Structures are given as C-alpha cells and as structure tokens.
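The values are calculated or read from the model by the stated rules, or taken from the named source; none is laboratory data. Predicted model only: the values in this text are computed from it and were never measured. Reconstructed Cβ throughout: ideal geometry from the backbone, glycine too, with neighbour counts over all protein chains shown.
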C-alpha cells in the first residue's frame, strides 16, 4: 500500500489497525499528548491556534453529521470576531440542502469551507474539497440590496476558485444556495481520498463506527505528529478491515470505554446502554440511525473521489476500506439469499 506519507511511526500504526484491533496501550502510546481529553470548545480552540501558528489546516473527521456541525459551530464561535448562530440566521446565505436542511453560512475572508458540489473537476472544484476564503467580492446583505454572495477561495492544492450561488429544484420550487459549508470538520466517509497536515479524529456516534473507519480517518493524515484523537480512548473505535471477526475483539462499548462520561455527546444515550447500536458479528451496525434498505442492510452512499488531492493508491491488490465494507454488505446479502 502506498500512502502519502513516509513517516515510519504513522505507517507502523496504520499497519497495525488495518489488520487487527489495537490494544488501549497501543492507542495511548501512539497518540500520547495528542489525545485531547478536554471539552470540545477547548479542543477546537487548540486546533484553530495550531492552524494560525503553522498556516496549515487542522481538520476534524467525525462519524456523524451532528458531530461535524458541533465542531463547525464551536470553530466559528471562536473566530475574531465570532460568527454566532444568530448571525447565521440573520445574515447567513443558504447552504447546500443535501448537507443539511435550513443551514446557512456567513462568508468572511480566512474562513475554512468544504465544497459540496462538483462544479469544475479540472480545477478541483469537487464535492469534499477543502478551501480557504480569500476575497469576498459580493457580501450578502439583503438590507443593503445585495442578494448574492460571491467570493474567491484557495484549495489545499493551491488552485483558486470562484464560488457563487447555484440553483436547484423545479421551476415552482427553485432555490439558490452556496455549494459549500464550513470546513473545519467533515465526516470520515467524505474525507476519503483527502491528504491533510493536521487531523483530529472524533468518533462522536453513540455506537461503534463501522469497520475501517478508524483506519480511513488515520490514513488521511500525512504524519503521526499531525494526527490527534479527541475525548475517549476506546478500542471499539478501531475495528479493523477484516471479513473474519476475531473473537477477542471488543465490539460493544462497555464500562471501560465509557468510564469518563455517562452519556453520549448528543445526549441520546450512554455508550454502553442497551438501546445504542453495536457491531454485529457480520460486520454491520444494528439498530443504528443509518439509512436501511428493504433487506435491512445499511445503504452505502457513494462519495466523491478526490483523486490526486491526496489519500493513497492501492498497488498490492488490496482495496480501499469502504470498498471492503461494501464487500461485507454484499457477502451478508448473499448469505441471506442462500438461506
């Protein structure tokens, strides 16, 4: 496997987590002081400060859209001057409804955004790409007669793009939105193909993530020194990519993994509660909030491949983690049909 890193410490860790579930000692030894166990706002503040000192983006990779939104709100609330939720409601331009209904964005020079549509693939304006706003050409302000929002942004590749509202919907329901959202955080699934200088992994779901999520998230970073891990240290966040389940694996969160907090980050239930999802022996989530098809299997959404922007290219016959997960779904379905 060829990664966009020559850091031996990171490569050794990736080799471990790809084939087996790491021990808590291995996880703690690898992350060391990069294990952020403060509250979310302080952890986000740390990332913003590191970004300001280094000039390199610090991107959070989460499991759920709620986690992404929580991190993005924590980030913009600590900008100078801050962008508040009241600002979003009063001065924000609508964002892509496919990312979340009734969401808005206030554009300002220097903020980090994530693109949500494929507009110009040749230039790099593709779904999932990260950029920093450079110049605001038309500032959205309806009270002063400015009903558009147009700005330039620089991609992580260095290319410059022009961002402006796009339209969607039928003639009677046509609506405009900006094909972007705040980019301080994104989901691990959307980050496939990205290569980043600083990454903070945030396994925010109240149930263990699917197989390969830990590996995908960790392999987005260019170095071990740039890879951070937020909140709880849990083996269940690191289920490896493997079709044969090790009987010694920890696949359900219990008292040990939940010792430092009695409830999940979204307040729905504790990590060890019986009504929270857990990983079944066939490698799928049970009772999760994922979309389920008619046969009861998770629906795997295709995400934009960022191609040359980063990631790694399989050269040894092995496949991308999410492709492996899709194979698990296919094998399980075939077994179900055979039965």
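I'd like to know if the range 69-91 contains one or more residues that are assigned to a loop (DSSP other than H, G, I, E, B), out of contact with any helix residue (DSSP H, G or I) (no Cβ under 8 Å at 6 or more places or on another chain) and in contact (Cβ under 8 Å) with a residue 60 or more places away in the chain. Checked against the condition, which is being assigned to a loop (DSSP other than H, G, I, E, B), out of contact with any helix residue (DSSP H, G or I) (no Cβ under 8 Å at 6 or more places or on another chain) and in contact (Cβ under 8 Å) with a residue 60 or more places away in the chain, the range 69-91 yields no hits at all. Scanning the range 122-136 for residues that are over 25 Å from residue 197 (Cβ atoms) and exposed (fewer than 14 other Cβ atoms within 10 Å of the Cβ) yields a total of 0.
Of the numbered criteria (1) touching a helix residue (DSSP H, G or I) at 6+ places or on another chain (Cβ under 7 Å); (2) in a loop (DSSP other than H, G, I, E, B); (3) within 18 Å of residue 155 (Cα to Cα), the one residue 123 fails is (1). Is it true that residue 113 is in a loop (DSSP other than H, G, I, E, B) and either surrounded by 21 or more Cβ atoms within 10 Å (Cβ to Cβ) or more than 20 Å from the chain's Cα centre (by Cα) (or both)? It is false that residue 113 is in a loop (DSSP other than H, G, I, E, B) and either surrounded by 21 or more Cβ atoms within 10 Å (Cβ to Cβ) or more than 20 Å from the chain's Cα centre (by Cα) (or both).
Listed here are the residues, each with its yes/no results for (1) assigned by TED's automatic domain parsing to the domain that holds residue 158; (2) free of Cβ contacts under 8 Å to residues at least 24 places away in the same chain; (3) under 30 Å from residue 247 (Cβ atoms).
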position	(1), (2), (3)
14	no, no, yes
22	no, no, yes
26	no, yes, yes
34	no, no, no
39	no, yes, no
44	no, no, no
49	no, yes, no
52	no, yes, no
58	no, no, no
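If you check 132, 166, 216, 199 for being within 15 Å of residue 95 (Cα to Cα) and touching a residue at least 40 places away in the same chain (Cβ under 8 Å), only one passes: 166.
Quick check: anything in the range 129-136 within 23 Å of the chain's Cα centre (by Cα), not in a strand (DSSP E or B) and not assigned by TED's automatic domain parsing to the domain that holds residue 221?
Yes, the conditions are met somewhere in the range 129-136.
Would you check if residue 119 is within 20 Å of residue 191 (Cβ to Cβ), surrounded by 14 or more Cβ atoms within 10 Å (Cβ to Cβ) and modelled with pLDDT of 95 or more?
Answer is no for this residue.
Number of residues in the range 179-189 that are in contact with a strand residue (DSSP E or B) (Cβ under 9 Å, 6 or more places away or on another chain), modelled with pLDDT under 95 and farther than 19 Å from residue 75 by Cα: the value is 0.
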